[in-house]
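The values are calculated or read from the model by the stated rules, or taken from the named source; none is laboratory data. Everything numeric in this text was worked out from a predicted model, so none of it was measured. Reconstructed Cβ throughout: ideal geometry from the backbone, glycine too, with neighbour counts over all protein chains shown. Only protein heavy atoms, including side chains, enter the accessible area calculation; ligands, DNA and RNA are left aside. Shrake-Rupley method; radii C 1.70, N 1.55, O 1.52, S 1.80 Å.
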Amino acid sequence: MATTLMTLVRRTVGPGLAAGALAGILVACGGGNGSGGGSTSSAPEQSGKSATTQVDVKLVDFKMELSERTVQAGTHTFAVKNDGHHDHAMEIEGPGTEQKTRTLAPGESSHLTVSLKDGKYEVYCPVDGHKELGMKTELTVGGTASTGSDTHTTNGNGY
C-alpha cells in the first residue's frame, strides 16, 4: 500500500509542484513580457481609458523636488508634502493649465489632480517670493517618462 501511495504522489503531486514553481519563476522574472524584471518605474499601461499617475512633490526651504521630471500626457495626481519650516504651496503652469494647492503649513500634505498636455510646465511655490528664492523646477510632458533624484533647480540660497 505504501508503494502505491508513493507512486500516486509522484504521478499527480510532482508535476503540479513543478508547474507551480515554473509559474512562480515566470512571475518573478516579469512574466516573459520582455521587461527583464518584476518591478519598473514606467508609466502605467493605457487600456482605452485615461489612467492617473502620481508624482510626489517635496517642498523644503527653499527648493522643490519632484519624483518624476518627465511624464506622459494625461491625468496626474501631485502628492505634495511640505517638509520645510515655512508655509509653502505648489503651482503648476503650462499649456492650457494653471492650478495650485492651498498653502500648506510645515508637515501638511495635499493632492492636486491635473490633466496635462504635451509641453513644458513650470512648477513652483507661489508663496511670498519663494519662486525667486529658488523654489521652482520644470516638468516635461511627452516623450519618455523618467525619474530622478536631482530634481531641484537651485541649492536653496543657503537655507
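If only residues of the range 109-135 that are open to solvent by less than 70 Å² (accessible area, probe 1.4 Å) and of a type in the set (D, E, K, R) are counted, the one that is modelled with the highest pLDDT is Glu122. Residue count for the range 84-124 satisfying the condition of being closer than 16 Å to Arg69 by Cα, among the hydrophobic types (A, V, I, L, M, F, W, C) and not in a strand (DSSP E or B): 1.
Could you look through the range 47-83, keep only residues that are among the acidic types (Asp, Glu) and either touching a helix residue (DSSP H, G or I) at 6+ places or on another chain (Cβ under 9 Å) or not in a strand (DSSP E or B) (or both), and pick out the one that is most open to solvent (accessible area, probe 1.4 Å)? If we take residues in the range 47-83 being among the acidic types (Asp, Glu) and either touching a helix residue (DSSP H, G or I) at 6+ places or on another chain (Cβ under 9 Å) or not in a strand (DSSP E or B) (or both), then Asp83 is most open to solvent (accessible area, probe 1.4 Å).
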